[in-house]
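The values are calculated or read from the model by the stated rules, or taken from the named source; none is laboratory data. Owing to the predicted nature of the structure, the values given are computational and were not obtained by experimental measurement. Every residue, glycine as well, gets a Cβ built from its backbone with ideal geometry; the counts of neighbours run over all protein chains shown. Accessible surface areas use protein heavy atoms only, side chains included; no ligands, DNA or RNA. Shrake-Rupley method; radii C 1.70, N 1.55, O 1.52, S 1.80 Å.
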Amino acid sequence: MSILPLLIIVPFTFIILALFIHHVRIKNALSLILGLTNFALAFYILKIVHNAGMLKTQMGSWPAPYGITLVADRFSAFMIFISAIVFLAVTLYSIQSIDKERLKNNYFLFTYGILMGVNGSFIAGDIFNLYVWFEVMLMSSFILISFGGEKAQLEGSIKYLILNLISSFFFVAGIGILYGKMGSLNLADLALKFSRIGDFPSLFEPSLILLLVGFAIKGALFPFFFWLPASYHTPPPAVSALFAGLLTKVGIYSLIRIYTLFLHHYDYFWNPIILWMGILSMVIGVITATSQFDFRKILSFHIISQVGYVIIGLAFYTISGLAAAIFFLGHNMLSKTNAFLVAGWVHRERNTLSLKDLGDMFNKHTLWGILFFISAFSLAGLPPLSGFAGKYLIIKAGIESNQIIVAMVALFVGLFTLFSMTKIWIEVFWKNTKNEKNDSEQRIKSNGLPYRYMITASIILALSIIVMGVWAKPIAEFCETAATDLLNNQKYINFVLG
Amino acid sequence: MELILAIFIGILYAGGVYLVLRRSIVKVILGIFVLANATNLIIFLAGGIKRSGEAFIAEGKETVDLATISDPLPQALILTAIVISLGIAAYILALKYRYFEVTETHDLDQLSKTDQK
Amino acid sequence: MNNRSLRNIILEKIVGLFMRVMVIFSIYLLLRGHNNPGGGFIGGIIASTGFIFYAIIFGTDSLQKVIKIKPQSFIGIGLLLVLVAALLPTLFSTEMLTGLWIKADVPVLGTLHAGTPLIFDTGVYAVVIGVILTIVISIMEVLKWN
């Protein structure tokens, strides 16, 4: 038996067990154990794929263009590995931060639903299967975002729900039309057929536009990002950390996958669109973030701006550009999740996330301050953290492919990011507050080690960020091989169909 | 037949978009259902429709004549999409019920509490 | 029934019968599903229609007494069957979800043709019943229909 289906079976097993087990402690322990299993599995797959290049499984022994293919190349394996780290950390964090009522009502069942959807999307070898895994992920995320039914949460979830459903309709309508035109759903087979038709029959091929818009809504790209800042700050912190780390990135992953497989044949049409979407997401996300005064809202707007970096890396469409995009995607998942985790802890301590009411956290909680410092300034791109390497690679790729202006824009956006992060840092951690009463309340609450699990989770992510920054060279080399595989898509086609 | 179905899908999309843009949450939800059905019909239409037999291999035979059967794949896709929209319908109605309980309004313009002042 | 004076004996008798007919018909559809129209999804929908009729007339509590296990457990059992059907072929060193078939001569029914797709379909059948009953029962409980 091949190993790839285990990525789906492990979360599936948890879902079944969670339906029968009613004891909260056992469920928590189980979720942690299976999270670790998933991590070990992801590491093992990364190791195999690093040596072998690609892995595939034909479900039900049906040969490639007809059956369901699961396939993992280096890019997928990297994404699976990073999302396994993020998922493990968030699970650890949730055990402590999510309230009893939610844990009892099968909170973890739905996070594992998200894990199943994310893993499935990363290894899906045909486009309808990709849609199904998207839906698995979305259904779980709908439930998680409205779980608990507080007023703000309901408002956020309605916006989230309706826009994401519409993106699903775009996506599935695109798949239908694509199937009608091409007669195939397998990604590799589609790529082969696209490479054979030569010149494009019509620039405004409706199915591809529908697919692109569907992915752009899911990945929160300009001009389709409005649902994200309207909803990500409403659910419990652990949930928004999980969403920030995993959900939009799957949309971006799919965009990179279809762009490298078949959209690039018509890059005279698609490339400017993608490039401008990237630049505008980057700029608009970061500028809107500067005007916000809510911790999680600033971070939400930064998701949009950072997704823009990945997309311009894709739009350069060189080996170094794609490698930078992959590296940046991994870095962003780790740093963003960790920033949200710290935001969740601040919310727990002070019961507010408005920057104006916060302050003076660093003196009392130095460790959390350091953890936030690491993730925030990694997002801003300070050495030796992972963000520096990511931004350096993107800008270097931009200069190499003669997109000097784009590279300059990316640099300036980095400056604005630094500004926002400094703002959070000063307002939340550095500023002196004169509210003495508030202080004494806090002191009672935080003696001993009350946040053991939460802080461990955050430390895991912070360490990964540092590792990714300090040992950037081997990771960047790995990303470069992955990018070479993506650009040379004949290899993927031959591997899947052969 | 294709033309009639295509026009019908267009009408469904127009109606769905109109409903989704309304202020009342009930109408938005109805719009979502209409859009879901229009999308299912698109898959059905894109798969090609013609008067033909079901896609089963007859008893005792090993192969099937491709000219006489209809393509089973779009139907399988639609079945999947319908099941997914069944789940979403149940969820979204429950959400609507809860939303009305908490906010006591159908008006989506009241949804501005979480926005920045 | 809350209001005893509104009891309708004919309706109650028919619904009890109707539910059984629906369940038996759904099992028939489930079994013929692989090569003929039918299958787990359709069977599950039809069986749950019968249960829903019963719940509308007698209330959700009496439905709970009839089906004995909770609808959520139906989902769990169904998913478990799906997992078993998916993993069974790996014991015979083929890929996941490959159909394994056995032929057996049964005295009365003739040649029986069964395999892992039947287990898979039964899982789907249970999941569909579980999901639809969960939805309907929770809506009925919230709206106080029983």
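Might you let me know whether segment B:25-45 holds any residue that is without any contact (Cβ under 8 Å) to a residue 40 or more places away in the chain and exposed (fewer than 14 other Cβ atoms within 10 Å of the Cβ)?
no
Can you find, within segment A:230-240, the residue that is farthest from the other protein chains (Cβ to nearest Cβ) among those that are open to solvent by 10 Å² or more (accessible area, probe 1.4 Å) and outside any loop (DSSP other than H, G, I, E, B)?
Here the residue is A:237.
Going by what's in this entry, would residue A:449 be described as part of a helix (DSSP H, G or I), modelled with pLDDT of 50 or more and of a type outside the set (Phe, Trp, Tyr)?
Answer is no for this residue.
Please enumerate the residues belonging to segment A:141-173 that are under 30 Å from residue B:45 (Cα atoms), of a type in the set (Gly, Ala, Ser) and within 19 Å of the chain's Cα centre (by Cα).
Scanning segment A:141-173 gives A:167, A:168.
Need pairs with beta-carbon distance below 7 Å; first residue over 12 Å from residue B:35 (Cβ atoms) and within segment B:2-14, second assigned to a helix (DSSP H, G or I) and not charged (D, E, K, R); sequence gap 6+ or separate chains.
Cβ pairs passing all conditions: B:2/B:45; B:5/B:41; B:5/B:45; B:6/B:45.
Can you tell which of C:56, C:46 is open to solvent by less than 60 Å² (accessible area, probe 1.4 Å) and of a type outside the set (D, E, K, R)?
Residue meeting the stated conditions: C:46.
Which residue out of A:376, A:324 is over 16 Å from residue A:278 (Cα atoms), of a type in the set (A, V, I, L, M, F, W, C) and open to solvent by less than 10 Å² (accessible area, probe 1.4 Å)?
Only one candidate qualifies: A:376.
Output yes when any residue across segment B:71-94 is assigned to a loop (DSSP other than H, G, I, E, B) and not aliphatic (A, V, I, L, M), and no when none is. Quick ask: steps written out before the conclusion?
Taking segment B:71-94 as the starting set, the residues that turn out to be assigned to a loop (DSSP other than H, G, I, E, B) are B:71.
From the residues that got through so far, the ones that are not aliphatic (A, V, I, L, M) too are B:71.
Within segment B:71-94 (the criterion being assigned to a loop (DSSP other than H, G, I, E, B) and not aliphatic (A, V, I, L, M)), the answer is yes, since at least one residue qualifies.
Name the helices (runs of 4 or more DSSP H) wholly within segment A:357-429 that hold at least 1 residues that are touching a helix residue (DSSP H, G or I) at 6+ places or on another chain (Cβ under 9 Å) and closer than 26 Å to residue A:476 by Cβ?
Numbers: elements: A:361-364, A:366-380, A:386-400, A:404-424.
Here the list reads A:366-380, A:386-400, A:404-424.
Kindly list the number of the only condition in (1) under 23 Å from the mean Cα position of the chain (by Cα); (2) aliphatic (A, V, I, L, M); (3) at the interface with another protein chain (Cβ under 7 Å from one of its Cβ atoms); (4) open to solvent by 10 Å² or more (accessible area, probe 1.4 Å) that fails for residue A:209.
(3)
Matching residues to (1) over 23 Å from residue A:287 (Cα atoms); (2) under 20 Å from the mean Cα position of the chain (by Cα):
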position	(1), (2)
A:332	no, yes
A:352	yes, no
A:357	no, no
A:362	yes, no
A:366	yes, no
A:377	no, yes
A:382	no, no
A:393	no, yes
A:399	yes, no
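Looking only at segment A:1-38, count every residue that is farther than 26 Å from residue C:72 by Cα, crowded, with 21+ Cβ neighbours inside 10 Å and modelled with pLDDT of 90 or more and tell me the total.
Total meeting the criteria: 0.
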